[in-house]
1. Okay, helix-only estimate at 222 nm for the chain: each DSSP H run of n ≥ 4 adds -39500 (n - 2.57), divide by all residues, round to 500 deg cm²/dmol; what do you get?
2. What's the Cα-based Rg to Rh of region 1-58, Rh via Kirkwood?
3. Which of these, Leu60, Leu77, Leu101, has the largest mean-square fluctuation under a Gaussian network model of the chain (Cα springs below 10 Å)?
4. Given R₀ = 30 Å, FRET efficiency for His45-Lys10 by Cβ-Cβ distance, to 0.05?
5. Just how many % of Cα pairs in the chain lie over 22 Å apart, if you round to the nearest whole percent?
6. Considering only protein heavy atoms, what per residue accessible area in square angstrom results for region 8-55 with a 1.4 angstrom probe?
7. Lys31: which aspartates and glutamates have alpha carbons under 12 Å from its alpha carbon, excluding same-chain residues fewer than 8 sequence positions away?
8. Checking the table Lys16/Lys49; Lys37/Lys90; Lys10/Lys62; Lys10/Lys49; Lys34/Lys91 against a 24 Å threshold on Cα-Cα, which pairs fail?
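The values are calculated or read from the model by the stated rules, or taken from the named source; none is laboratory data. Just so we're clear, the structure is a prediction, and the values are computed from it rather than from any experiment. Backbone-built Cβ (ideal geometry, glycine too); neighbour counts: all protein chains shown. Surface areas here come from the heavy atoms of the whole protein model, side chains and all, with no ligands, DNA or RNA. Shrake-Rupley method; radii C 1.70, N 1.55, O 1.52, S 1.80 Å.
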Amino acid sequence: GAREDCPLDKDELGSKTWAFLHTMAAYYPDKPSKEQKADMNNFFHTFSKFYPCNICAEDLQKQLKQTPPETGSQDKLSQWLCRVHNGVNKKLGKPEFDCKLVNQRWKDGWMDGSCD
Ligand code: FAD
């Protein structure tokens, strides 16, 4: 079968998961209700218990204790997640992502129109 029909390795799972998480944050409300804030906080805590990469999940649980999800608005949540992802990038020796660009990367597309 084709490679894309095989079980995911850690890196494939990682990049697909980041795409989901950043896109979810991009579409979180600008003015969330109390319930939405609590639900998003619970989502990340529960997610960190089941993420199917043990070392990743353990690290994420530590991160969540140090810097809990900032659920006050779309902007706050996306910036928080960008910092969490940068923490992992740093650990893995990957370049840091400029968090000012996070909505262009995951929501609006680049200013130069290359995603239109
Ligand atoms: P990825 O890091 O997967 O990034 C995908 C795309 O996201 C990039 O191409 C870039 O366009 C964009 N991006 C990069 N940084 C940011 C940012 N800060 N904010 C917004 N967008 C950004 N792997 C391990 O080996 N050890 C771990 O402990 C580990 N922990 C993980 C924890 C979580 C919660 C997740 C989801 C993944 C984890 N991974 C871990 C996997 C790792 O983060 C990468 O996904 C994997 O190494 C593949 O990297 P990549 O180069 O494809 O880019």
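1. Theoretical 222 nm ellipticity from helices: -19000 deg cm²/dmol.
2. Here the Rg-to-Rh quotient is 1.08.
3. Comparing Leu60, Leu77, Leu101 in a Gaussian network model of the chain, the most mobile one is Leu101.
4. Working: r = 22 Å, r/R0 = 0.72.
So, using R0 = 30 Å, E works out to roughly 0.90.
5. Details: 2510 of 6670 pairs.
Result for the distance tail: 38 percent.
6. 68 Å²
7. Asp75
8. Violating the 24 Å Cα-Cα cut-off are Lys37/Lys90; Lys34/Lys91.
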